1. Given the condition in contact with a strand residue (DSSP E or B) (Cβ under 8 Å, 6 or more places away or on another chain), assigned to a strand (DSSP E or B), surrounded by fewer than 17 Cβ atoms within 10 Å (Cβ to Cβ) and not aromatic (Phe, Trp, Tyr), answer yes or no: does some residue in the stretch 242-250 qualify?
2. For the subset of the stretch 259-280 comprising residues that are at pLDDT 85 or above and not in a helix (DSSP H, G or I), which member is surrounded by the most Cβ atoms within 10 Å (Cβ to Cβ)?
3. Which one of 301, 288, 331 is in contact with a helix residue (DSSP H, G or I) (Cβ under 7 Å, 6 or more places away or on another chain) and either assigned to a helix (DSSP H, G or I) or not aromatic (Phe, Trp, Tyr) (or both)?
4. Looking for whichever is hydroxyl-bearing (Ser, Thr, Tyr), on the phi < 0 side of the Ramachandran plot and not assigned by TED's automatic domain parsing to the domain that holds residue 87 here; the options are 324, 235. Which one fits?
5. Can you spot a residue in the stretch 32-42 that is within 18 Å of residue 97 (Cβ to Cβ), touching a helix residue (DSSP H, G or I) at 6+ places or on another chain (Cβ under 6 Å) and either exposed (fewer than 15 other Cβ atoms within 10 Å of the Cβ) or touching a residue at least 12 places away in the same chain (Cβ under 8 Å) (or both)?
6. Being touching a Phe, Trp or Tyr at 6+ places or on another chain (Cβ under 7 Å) and either touching a residue at least 40 places away in the same chain (Cβ under 8 Å) or not aromatic (Phe, Trp, Tyr) (or both) is true for just one of 318, 280. Which residue is that?
7. Only one of 55, 48 is buried (at least 16 other Cβ atoms within 10 Å of the Cβ) and either touching a Lys or Arg at 6+ places or on another chain (Cβ under 7 Å) or under 22 Å from residue 95 (Cβ atoms) (or both); which?
Amino acid sequence: MSLYRSAAIVGAAEALEIGYPEEPKTGLQLHMEAIHAVTEQTGIPVSAIEGVFSAGASSEIAEHLGIHPKYIDTTSVGGCSFEMHVHHAMAAIHAGIIDIALITHGQNGWSQRRLRGGGGFRGGGGGSPSQEMTMSYGLSGAPSNYAHAMTAHNHRYGTTPEDFAHIAVVTREWATLNPRAVMYSRETHEAGGPITVADVNNARVIAWPLTLLHCCLVTDHGGAVIVARPEVARSVKTTPVWIAGCNGDYYVFSEGKAGKVKRIRANGRARIAACDLRGNVKSEWIDATARIVTDPREIEAMYAAFAKKYGWQMAVGNFLARLSGRFHKRAIIGIHLA
């Protein structure tokens, strides 16, 4: 199933105050401020929202909004939860379950210190199974947990702290594009503005090998996004941002009567490896499943991706294939890593 352009992001907004607000706020306040802002931005009323997606609080948010959604999602797997929410929202829209989805987050990392003292992630609460298994090893928060993960990654894959420092550098680059970000510039914060890999590595150690600049800020933030069916997206007052797809498959094309195409139709088991232009294998083989793609939208997405990557070479190849009559005889193969 292809989700290509089956939905669009029609609005995105933040809470009224983010970063270090003068008056402490609750996570729910930050959610609501962002939701109000995105509904005002798009002209979509709260009553039209049919799906609510958040990292754990969707039922409470729906209750506070006074709505009875058809779809609830509380996927919570860390910072990438919201990318997954977009994927899940697209799937629900594509399946015809909902037309309009709300993805929302509100976190008062800064304010909670003032509301009840302390702050930050504490690893599961007293007596939780995760705490029982980790606290004896000195794991008491996100930095110490991720320090173990980072050293394991360094050992297994040969990466270095310098490699991970690039993540902090690029994240800061994004901050310099948002005037509301705490670290937008030296004017917004004494430590703001661009940073370098050297800056990250030379900052004080928090939990070896993580330094201060590897770690995210403890601030307040609320954000909300509305994802909508194409018919809805074309009717709102904002400009829709179409979502190309989320399945992560690899694509190739071949002559439709080739032996490998016949084998894939009979059995989707496959292996793939990186190779050079002559077909010499340059990496280990990886197990995968292969299928013949027939969905026109998925084929369109595949050709768009090829055109973006190969530019004029792809255009010339397609032109010659059309002249020879081979273009429409191609079989498009989708490959998913096992």
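1. Initially, the stretch 242-250 is screened for residues in contact with a strand residue (DSSP E or B) (Cβ under 8 Å, 6 or more places away or on another chain), giving 242-243, 247-250.
Those left that are additionally assigned to a strand (DSSP E or B): 242, 250.
Among the residues that remain, those that are also surrounded by fewer than 17 Cβ atoms within 10 Å (Cβ to Cβ) are: 242, 250.
Going one step further and asking which of them are not aromatic (Phe, Trp, Tyr), we end up with none.
No, the stretch 242-250 contains no residue that is in contact with a strand residue (DSSP E or B) (Cβ under 8 Å, 6 or more places away or on another chain), assigned to a strand (DSSP E or B), surrounded by fewer than 17 Cβ atoms within 10 Å (Cβ to Cβ) and not aromatic (Phe, Trp, Tyr).
2. 270
3. 331
4. Numbers: 235 fails: not assigned by TED's automatic domain parsing to the domain that holds residue 87.
Among 324, 235, only 324 is hydroxyl-bearing (Ser, Thr, Tyr), on the phi < 0 side of the Ramachandran plot and not assigned by TED's automatic domain parsing to the domain that holds residue 87.
5. Keep residues of the stretch 32-42 that are within 18 Å of residue 97 (Cβ to Cβ), which gives none.
Within the stretch 32-42, none of the residues are within 18 Å of residue 97 (Cβ to Cβ), touching a helix residue (DSSP H, G or I) at 6+ places or on another chain (Cβ under 6 Å) and either exposed (fewer than 15 other Cβ atoms within 10 Å of the Cβ) or touching a residue at least 12 places away in the same chain (Cβ under 8 Å) (or both).
6. Within the list 318, 280, the selection yields 318.
7. 48
Okay, residues lined up against (1) under 30 Å from residue 170 (Cα atoms); (2) under 27 Å from the mean Cα position of the chain (by Cα); (3) not assigned by TED's automatic domain parsing to the domain that holds residue 321:
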site	(1), (2), (3)
194	yes, yes, yes
198	yes, no, yes
280	no, no, no
293	no, yes, no
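The values are calculated or read from the model by the stated rules, or taken from the named source; none is laboratory data. This is a predicted model, so every value here is computed, not measured. Because the Cβ atoms are built from the backbone with ideal geometry, glycine has one as well, and the counts that use them run over all protein chains shown.
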